[in-house]
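Written below as C-alpha cells is the structure these notes are about.
The values are calculated or read from the model by the stated rules, or taken from the named source; none is laboratory data. Nothing here was measured: the structure is a model prediction, and the numbers come from that model. Cβ placement follows ideal geometry from the backbone for every residue including glycine, while neighbour counts extend to all protein chains displayed.
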Amino acid sequence: MNSKVKLDDLNVHFGGTHAVKGVTIDFPANSVTAIIGPSGCGKSTVLRAINRMHDMTPGARVSGRILLDETDIYGRGVDPVAIRRRIGMVFQKPNPFPAMSIHDNVIAGYKLNGRMRRDEADEIVETSLQRVALWDEVKDRLKSNAMELSGGQQQRLCIARTIAVRPDVILMDEPASALDPISTLKIEELIEELKERYTIIIVTHNMQQAARVSDVTAFFYLGELIECDVTKKIFTTPDRKQTEDYITGRFG
Amino acid sequence: MNVMTSIDRSAAEQRNTMRSLPLRNTKNTIMTLLMGGALLAVLFPLGLIFVHIVKMGLSAISLDFFLHIPRPTGEVGGGMANGMVGSMVLIAMASLMGIPVGIFGAIYLSEYGGSRISTVIRFCADVLSGIPSIITGMVVYSMLVVPMKGFSALAGAFALALIMIPIVLRTTEEQLKMVPTSLREASLALGVPLWRTTLKVTLRSALTGVMTGILLAIARIAGETAPLLFTALGNQFWSSKLTQPIAALPLQIFSFAIAPYDDWHRLAWAGALVLVVTMFALSLTARYFGRSGHKN
Amino acid sequence: MSDVTASHRWKIEKGLSGDFIFKAVTVLFAFSILVILMLMLYEMVSQSLPSLRKFGGHFITGMEWDAVQENFGALPFIYGSVVSSILALLLATPLAVGTALFITEIAPRRLGGFAASLVELLAAIPSVIYGLWGILIMTPWLQQTVQPLLQKYLGFLPFFDGPAYGVSMLAGVLILMIMVVPIITSITKEVLMAVPRSQREAAIALGATRWEMIRMAVLPYGKSGILGAVILGLGRAIGETMAVTMVIGNNPQISLSLFSPAYTMPSVIANEFAEASSPLHSAALMNIGLLLLVITLIINALARLLLWSMSRGAARGTKL
Ligand SMILES: Nc1ncnc2c1ncn2[C@@H]1O[C@H](COP(=O)(O)OP(=O)(O)OP(=O)(O)O)[C@@H](O)[C@H]1O
Ligand SMILES: [Mg+2]
C-alpha cells in the first residue's frame, strides 16, 4: 500500500512535558487507520500535529517531519492554511457554528476560496450532506439553525462541512464518543463509505469500533508508538505484550 | 455516481484554491495590522493623559499641597489638605453604610434566594450600577439635603454609598458562588447553624475575593464628582461637622480646573496626580488580592 | 437523658432563631436594591411633577431654556447628549472591538494580558481627570492645531464651520470616545474569552486564516455580547457628566457644526441644579434628570439582557 501521510521521528513538547516521543509511522492512502491507547498517551496530540493544529497552542513545540505526499508540512514556506484545506479534522464534540444555518455551516469552509455562484453552493451542500447521509433528514430545513439538530446529526453536519472543502485526509478525534449507539453506527458506516475517497485517521477508545472500521491500527502508550499493523493482526496476534494486555483489557 | 464525480477534486479547483490563498493571507495581514493599530490608537491618548498628569502633577506638587487648604482667589500657593481629608471621611462613611448592605445582600442572593427573585435583584443591581451618578446626586438632594435644610457630608456619603452597594453586592456574590458546596455541608454537618456557617466558613473562604470587590468599589467612589455636587457641595475650609458641607478632592480638582487662574490649574494637576496614584494603588492591591485568592 | 435532649433542642431552636434573624437581615439588604431603584424613580417623577404638568410633551420639543421667563424646553440638551454619545460610540466601537480582538486572538498571551490590565487600569481613571486633561490640554490643541486644519481642508462641509473656540461638540465627542473605549474594550474582551475554543478550532481546521476564523467563528458567536458591550458604553456616554461639562462649551444650541459649543443633559444639571433660581427651574432640571434616568434604565436593561443571553448561550454551548 502506498502511504499518504508519513510521520518521521515526530516529537511534541508542551512546555516541559514530552507528550509524543519519536513516533515514526505510515498512514496508507484510501484506508482507515485507528489510533488506540490509554487516556493521556498522546493520541490527540499526534492527530493535531498532522494538520498543524498545535500552531494555535502557545508553548507547544513540534519537531520531526510529517510528509503529506512527500511534502513536509512543517517545511519552510509551507502555509498551514493550505495544509489544513487538504487535511480536514472532525472533533470529539460536534462543533457546528451556532450562528449559522445548516446550509451555511456546510459551505463555511468551502466559501473561503472566494465568491461562488449560488447553484454551485447549493450543489456542494447537497452532495456533502448526501455523503454523510444527512440530506434526507434536513433537506426541508436547510435554512434553520444548526443547533436545532440532534447531537448525532450535528456531528454528521461537521463531517459534511469537512468534506465540502474536499480534503485528501480526514482526521477524526473520537468522533462518536459523545453520541448514542445509533448515531455511532451511522458515523461508522459513514467512515466505511468515505475511505473510498479519503485517507482517514481516527482516534478511538472503543476497541470494537477500531476493529470494525479500521484497516490498520496503531497502539500508543505513554507518548510512544508501541505497535502498528493490520487491524486483524493487532486484535488477534499482536507482537507486543503491552498491546495484547491493552486489547484484552488486562492493562495496568 | 453523479454525486461521486461532483465531489472530486478537479485540477482547476485546486488551482483556484491556491490562487486565492495569497489574497486571503494579505487580507489577514492587513486586518491584523488594523487590530494592532486599534490597540495603539487606544493606548496612545490614554498614555498621553497619564504622561501629562505625571509631568504636570510632579511639577506642581509640594509639601504645602498636603498641609494647606486653598488660598483665597488670586493668592499663590495653598493646597488641598481639606479635600483629601474630606474625601477620606466621605469614603469611610460611605463604606460603613454601603459595604454591609452589599455583602449581606450578596449572601441572600447566593445562600438563600429563590432563583427567580435572585435573578430580578441581580438584574436590578446591574442596571442600578449603570445609572448616571449625577442622578444619584439629585435623588439624595431631594431625600436628604432638602429635609435637612443644607448640604452635608452625610448626604455626600449617602450618595456614594448608593453607588457602592451594587458593585459590592455583585462582586461578593460572584465570590460566594465560587465557594464549593462541600465546604458548607461539612460545617453544617458538624451542627454549626447556617448563619454561623455562612459567616465563618463561606464568607471567610471567599474573603480575598470580597476584599478585591470592596477595594474596586472604593476606587470607583474615590473619583466620583457628579454625585457630590448637590450633596457634599464642597468647602473652601475645614469642616468640623458631618451636617456641614465638606470638601472633597475630586470636587476641588473640578472647580480649580475650570477656574481661569494658572496657579489653580497647577493645584488641580497636583490633585489629579494624588487621585490617580491613589486609585492605581487601590486597583493594584485589589488585583494582588484577586490573584492570591485565585491561587488558593 | 431527657434533660440532655431538652437542652439540645433548646440549642437548636436558638440556632434557628439566629438563622431567622440573619436571614431577615440579608433579605432586607438584598431587597434594598429594589427599594433604591423604586425610590430613585419615585423621587425623580415626583420632583419633576411641576415641570411635567406645565410643559408636558413640549418639554422634549422645546428649544428655549429661559430661567428668567420660566420657559423650559430640553431639546438642545437632548440633541447634545444624543449626538455627542452616538458620534463617540461610532468612533469608539471599531477601536474597542479591534483592541479586544487583538488582545484575545492575536497577541501572545503575555502581551495580551499586559495590554488588558493597562486598559482596565485606564478604565478606572475618574471622569473629572479626563475633564481636567480635556480642558487644559486637549481643547487648546484642538483650537490651535486641529480645527484650523479641518477648516482649511474640509471647511466647505457644514460640520467644520464657524470659529474655533476649542470647547465644542468636537471636544465633547473626543473626550467621550477616549473614556468609553476602555469600558467597551474590557467587556468585549470578556465576551470574546467566553467563545469556546472548539469554535475557533472548527474554523482553523477548515483552513481559515486567523482573520477568517474571527469572521467565521469568533464574532458571530460573540455578536450579542459585543452589542451589549457597545450599548453599555452608550449608557456610560449619555450619563457622563464631569468631563463633558468641562469641554463641550455649555451653550444650548442645535448646530450641525462640530465646532460650535453644545450642551448635554447631565451638564446642565451639573451647572444649574445647585443654584436653581425658582422651584420651576429646579423641577425642569429634575425633569431632564428623569428623562436621563429613563433613557439609561432602558439602555442598561437592554445591554444586560444581551450580555446575559451571551453568557447563558456560552453555558449551553459547553454543556452540549
Ligand atoms: N495544550 C496542552 N498543554 C499542555 N499539555 C498538554 C496539552 N495537550 C495535551 N497535553 C498533554 O499531553 C499528553 C497527551 O495528551 P493527549 O490529549 O494527546 O492524550 P490522549 O491520548 O488524546 O488522551 P484522551 O484519550 O484522554 O483524549 C497528556 O499528558 C496531556 O496532559
Ligand atoms: Mg484525546
If we keep only residues of segment C:261-278 that are at pLDDT 95 or above and more than 10 Å from chain B (Cβ to nearest Cβ), then the residue surrounded by the most Cβ atoms within 10 Å (Cβ to Cβ) is C:T264
Of those in segment A:50-68 that are under 27 Å from B:T26 (Cα atoms) and away from chain C (no Cβ under 13 Å), the residue farthest from the chain's Cα centre (by Cα) is A:R61
Checklist entry - Do we have A:I201 as part of a helix (DSSP H, G or I) and under 16 Å from the mean Cα position of the chain (by Cα) here? => result no
Reported set for segment C:209-249 where residues are free of Cβ contacts under 8 Å to residues at least 60 places away in the same chain and not in a helix (DSSP H, G or I) is C:T209
Counting only residues in segment A:69-81 that are free of Cβ contacts under 8 Å to residues at least 12 places away in the same chain and in a loop (DSSP other than H, G, I, E, B), the one nearest to the other protein chains (Cβ to nearest Cβ) is identified as A:D79
A:K21: passes all of (1) closer than 26 Å to A:F235 by Cβ; (2) within 16 Å of ligand 2 (Cβ to nearest atom) but (2)
Condition check: within 11 Å of chain C (Cβ to nearest Cβ), within 16 Å of ligand 2 (Cβ to nearest atom), crowded, with 19+ Cβ neighbours inside 10 Å and at negative phi. Does A:N95 satisfy that? yes
(Q) Just checking, does segment C:60-68 include any residue being at positive phi and not in a helix (DSSP H, G or I)? (A) no
Over segment B:129-141, the set of residues modelled with pLDDT of 95 or more and either assigned to a helix (DSSP H, G or I) or under 22 Å from B:A206 (Cβ atoms) (or both) is B:S133, B:I134, B:I135, B:T136, B:G137, B:M138, B:V139, B:V140, B:Y141
Out of all the residues in segment A:179-197, is one or more under 22 Å from A:R48 (Cα atoms), touching a residue at least 60 places away in the same chain (Cβ under 8 Å) and in a loop (DSSP other than H, G, I, E, B)? yes
B:R71 meets each of (1) surrounded by 15 or more Cβ atoms within 10 Å (Cβ to Cβ); (2) within 11 Å of chain C (Cβ to nearest Cβ); (3) at pLDDT below 95 with one exception, condition (2)
The correct count of residues that are within 16 Å of ligand 2 (Cβ to nearest atom), within 27 Å of A:T231 (Cβ to Cβ) and surrounded by 17 or more Cβ atoms within 10 Å (Cβ to Cβ) in segment A:34-75 is 16
Of (1) more than 20 Å from C:A270 (Cβ to Cβ); (2) within 14 Å of another protein chain (Cβ to nearest Cβ), B:M138 satisfies every one except (1)
Can you confirm whether segment C:92-106 contains a residue that is in contact (Cβ under 8 Å) with a residue 60 or more places away in the chain, more than 10 Å from every other protein chain (Cβ to nearest Cβ) and more than 20 Å from A:M56 (Cα to Cα)? yes
In segment A:31-44, residues that are more than 14 Å from every other protein chain (Cβ to nearest Cβ), within 8 Å of ligand 1 (Cβ to nearest atom) and at negative phi total 4
Scanning segment A:200-216 for residues that are among the aliphatic types (A, V, I, L, M) and away from ligand 1 (no atom under 14 Å from the Cβ), the one farthest from A:M89 (Cα to Cα) turns out to be A:A211
Tell me, please, whether a residue that is away from chain B (no Cβ under 14 Å), within 16 Å of ligand 2 (Cβ to nearest atom) and surrounded by fewer than 22 Cβ atoms within 10 Å (Cβ to Cβ) can be found in segment A:156-176.
yes
Considering segment A:16-30, residues that are farther than 12 Å from A:V216 by Cβ and assigned to a strand (DSSP E or B), and then whichever is farthest from ligand 1 (Cβ to nearest atom), we arrive at A:T24
Reported set for segment A:98-110 where residues are more than 21 Å from the chain's Cα centre (by Cα) and within 9 Å of chain C (Cβ to nearest Cβ) is A:P98, A:A99, A:M100
task = Determine whether A:R84 is more than 16 Å from ligand 2 (Cβ to nearest atom) and assigned to a loop (DSSP other than H, G, I, E, B).
result = no
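Residue by residue, here is whether (1) more than 25 Å from C:F59 (Cβ to Cβ); (2) in contact with a Leu (Cβ under 7 Å, 6 or more places away or on another chain); (3) buried (at least 23 other Cβ atoms within 10 Å of the Cβ); (4) modelled with pLDDT of 95 or more holds:
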{"site": "C:P76", "(1), (2), (3), (4)": "no, no, no, yes"}
{"site": "C:G80", "(1), (2), (3), (4)": "no, no, yes, yes"}
{"site": "C:S84", "(1), (2), (3), (4)": "no, yes, yes, yes"}
{"site": "C:P94", "(1), (2), (3), (4)": "yes, no, no, yes"}
{"site": "C:A100", "(1), (2), (3), (4)": "yes, yes, yes, yes"}
{"site": "C:R110", "(1), (2), (3), (4)": "yes, no, no, no"}
{"site": "C:L118", "(1), (2), (3), (4)": "yes, yes, no, no"}
{"site": "C:A124", "(1), (2), (3), (4)": "yes, no, no, no"}
Could you check, for segment C:156-164, whether at least one of its residues is part of a helix (DSSP H, G or I), in contact with a Ser or Thr (Cβ under 9 Å, 6 or more places away or on another chain) and crowded, with 22+ Cβ neighbours inside 10 Å?
no
Residue count, segment B:178-188, condition within 14 Å of another protein chain (Cβ to nearest Cβ) and hydrophobic (A, V, I, L, M, F, W, C), comes to 1
Filtering segment A:209-223 for residues that are within 17 Å of A:S39 (Cα to Cα) and either within 16 Å of ligand 2 (Cβ to nearest atom) or not in a strand (DSSP E or B) (or both) leaves a count of 8
Residue set A:N11, A:N2; condition more than 16 Å from ligand 2 (Cβ to nearest atom), among the polar types (S, T, N, Q) and closer than 24 Å to A:D215 by Cβ; output residue A:N2
